[in-house]
1. If you check GLN159, GLN69, which single one turns out to be loosely packed, with under 14 Cβ neighbours inside 10 Å and either among the β-branched types (Val, Ile, Thr) or more than 16 Å from the chain's Cα centre (by Cα) (or both)?
2. Check the range 166-175 and report whether any residue there is out of contact with any Gly (no Cβ under 7 Å at 6 or more places or on another chain), assigned to a helix (DSSP H, G or I) and more than 22 Å from THR143 (Cα to Cα).
3. Residue check, SER155 against (1) of a type in the set (S, T, N, Q); (2) out of contact with any Asp or Glu (no Cβ under 9 Å at 6 or more places or on another chain); (3) farther than 25 Å from VAL93 by Cβ, all met but one. Which one?
4. Of (1) of a type outside the set (Val, Ile, Thr); (2) in contact with a Gly (Cβ under 9 Å, 6 or more places away or on another chain); (3) within 21 Å of LEU229 (Cβ to Cβ), MET94 satisfies all except one. Which?
Amino acid sequence: MVVDNIENIEVVANKIDKDVAETQQMLQLAAAQRMKTDSRRVIFCIIMSGEDYIDAFEKLLRLELPGKQDRDIMRVLVECCLQEKVFNKYYTVMASKLCEHDKNHKFTLQFCLWNHFEELESMVLLRSMHLAKFVAEIAASFTLSLTVLKTVYLSDITQLTPKRIMHFRILFEAIFDYPDSVVWKIFTRIAGTPELESFRQGIEFFVKEYILKTNKGVSQKFKLAKRALNNIEGVLMQE
């Protein structure tokens with residue numbers, strides 16, 4: 001009996017040591033990723049150590065961050081995604097779940113993405129690729145519409161540097177990889193609104209000029225997208 005108790009104590013002690021070591025390792029990683037405030041470090045540890053997106057989501061909700069600190073959740077989440085060596089859909093699923101729960105996360109995500117778009121010229125290739133795929137997935141999950149790109153001016157050739165062209169090419173090619181029904185809905189969401197006319201024209205210009213000329217494989221999806229952009233009545237696509 002005494003032996004059993006000693007073994008149980010050792011098991012518990014080993015688990016505590018392991019948990020402490022993992023926590024210290026996670027905090028060191030948070031520091032390395034420039035998570036400078038306590039709230040960001042805690043958010044980072046929750047996101048990176050979650051058993052799955054539901055586990056992380058529930059823990060984030062229990063944080064009950066004061067004031068505007070809840071905005072750090074989306075900022076840290078996007079940063080975690082961009083710093084991965086391989087793109088991970090875990091982050092887009094988590095972002096969609098958060099936005100579905102609280103529309104304020106949508107606004108934060110939108111502003112966060114706008115900030116990253118401004119950094120494209122100095123952004124390393126891997127981060128740019130991850131950002132493009134993240135935005136494509138966010139659009140395909142209908143968490144945000146393509147209007148998140150309206151600050152980019154896709155038809156302004158004075159702003160379309162090689163790095164920017166590459167980024168948005170990856171983004172649109174990722175969108176065109178989705179099934180027809182998803183592509184139809186993505187582009188229908190920005191149809192009909194008069195204020196978005198120049199934005200829609202910008203998308204058409206960019207795809208024609210910088211994607212179709214070298215990637216004929218997306219031509220059918222682009223034709224579908226153009227029809228969707230003119231889908232003023234919001235007609236559902238026939239299966």
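1. GLN159
2. yes
3. Going through (1) of a type in the set (S, T, N, Q); (2) out of contact with any Asp or Glu (no Cβ under 9 Å at 6 or more places or on another chain); (3) farther than 25 Å from VAL93 by Cβ one by one, SER155 breaks only (2).
4. (3) is the only condition that MET94 fails.
Residues checked against (1) of a type outside the set (A, V, I, L, M, F, W, C); (2) over 27 Å from VAL124 (Cβ atoms); (3) without any contact (Cβ under 8 Å) to a residue 60 or more places away in the chain:
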{"residue": "VAL148", "(1), (2), (3)": "no, no, yes"}
{"residue": "VAL152", "(1), (2), (3)": "no, no, yes"}
{"residue": "ASP156", "(1), (2), (3)": "yes, no, yes"}
{"residue": "THR161", "(1), (2), (3)": "yes, no, yes"}
{"residue": "GLU173", "(1), (2), (3)": "yes, no, yes"}
{"residue": "VAL182", "(1), (2), (3)": "no, yes, yes"}
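Conditions tested, residue by residue: (1) modelled with pLDDT of 95 or more; (2) within 23 Å of ILE170 (Cα to Cα); (3) in contact with a Pro (Cβ under 8 Å, 6 or more places away or on another chain).
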site	(1), (2), (3)
ILE43	no, no, no
LEU63	no, no, no
ASP72	no, no, no
GLU84	no, yes, no
TYR91	yes, yes, no
ASN115	yes, yes, no
ALA140	yes, yes, no
LEU146	yes, yes, no
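The values are calculated or read from the model by the stated rules, or taken from the named source; none is laboratory data. These figures come from a predicted structure and were not determined experimentally. A quick note on method: Cβ atoms are made from the backbone with ideal geometry, for glycine too, and the neighbour counts reach across all protein chains shown.
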